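Notes to accompany the following structure.
The numbers here are math on the coordinates, done by the rules we state, and not lab data. Note that this is a predicted model, so its numbers are computed, not measured. Neighbour counts are summed over all protein chains in view; Cβ atoms, including those assigned to glycine, are modelled from backbone coordinates with ideal geometry.
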Ligand SMILES: Cc1cc2nc3c(=O)[nH]c(=O)nc-3n(C[C@H](O)[C@H](O)[C@H](O)COP(=O)(O)OP(=O)(O)OC[C@H]3O[C@@H](n4cnc5c(N)ncnc54)[C@H](O)[C@@H]3O)c2cc1C
């Protein structure tokens, strides 16, 4: 387990899933992990779905923020909500938007992700590279997590502090 502070910038689909992965694998202690997002967890996607009047996702039920691919299906079965899994000709039922977000909320609650959220917008990140440059995607990923940027951030109505630590930019 790392003793480094880790900040995930953006609490969208990727940011929340990444936080769960890091916690589940025991890579980061939750005391050293934060997710910064001015809108809160998954709020951006929820708003976009509402704005375009979407009722069901185009992706099949294995696409969600939990680790177990069949977590959403089990969630629907346990709550007698399988009618919200819409069958397709190509196989792979698709969840309704409300089922998707109810499941996502349940997963976030299970991992107490709300307690990690800072309502903050990242304004800039200055990356100081550690180690050798590499073209390999695997190495590049490690490099990003191992980078040590300075993050200027603005809290709503509270000063303008900056944070040093290791950062993962998830989807913003
Ligand atoms: C209507 C709609 C339907 C879709 N349906 C599907 C589908 O069925 N299947 C599929 O695979 N994909 C679908 N997509 C695409 C999918 O939603 C995106 O690929 C996914 O949301 C990307 O996740 P993300 O975490 O990278 O980004 P987002 O989910 O967009 O999250 C980014 C987060 O970063 C935050 N953020 C932004 N800037 C900053 C900053 N400076 N500091 C801090 N936080 C910041 C935002 O508030 C946001 O919460 C759909 C998208 C839309 C809009």
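Could you check the simple spin-label distance between residue 83 and residue 21, using points 7 Å along Cα→Cβ, in nm with one decimal?
Placing both labels 7 Å beyond Cα along the Cβ direction yields 3.7 nm.
Run the numbers on the stretch 51-113 and let me know its relative contact order in percent, using alpha-carbon pairs under 8 Å that are six or more apart. Mind showing how you got there, number by number?
Values: 64 pairs, mean separation 23.3, N = 63.
The normalised contact order for the stretch 51-113 reaches 37 percent.
Cα centroids of the stretch 1-43 and the stretch 58-75: how far apart, whole angstrom?
Between the Cα centres of the stretch 1-43 and the stretch 58-75 lies a distance of 20 Å.
Between residue 115 and residue 62, take the C-beta separation as r, use R0 = 41 Å, and let me know the FRET efficiency to the nearest 0.05.
Values: r = 27 Å, r/R0 = 0.67.
Calculated transfer efficiency: 0.90.
Dimensions of the stretch 51-113 along principal axes (Cα, Å, largest first)?
36, 27, 20
So if R0 is 35 Å, what FRET efficiency would residue 4 and residue 101 give, r being the distance between their Cβ atoms, rounded to the nearest 0.05? Mind dumping the intermediate values first?
Numbers: r = 32 Å, r/R0 = 0.91.
For residue 4 and residue 101, the calculated efficiency is 0.65.
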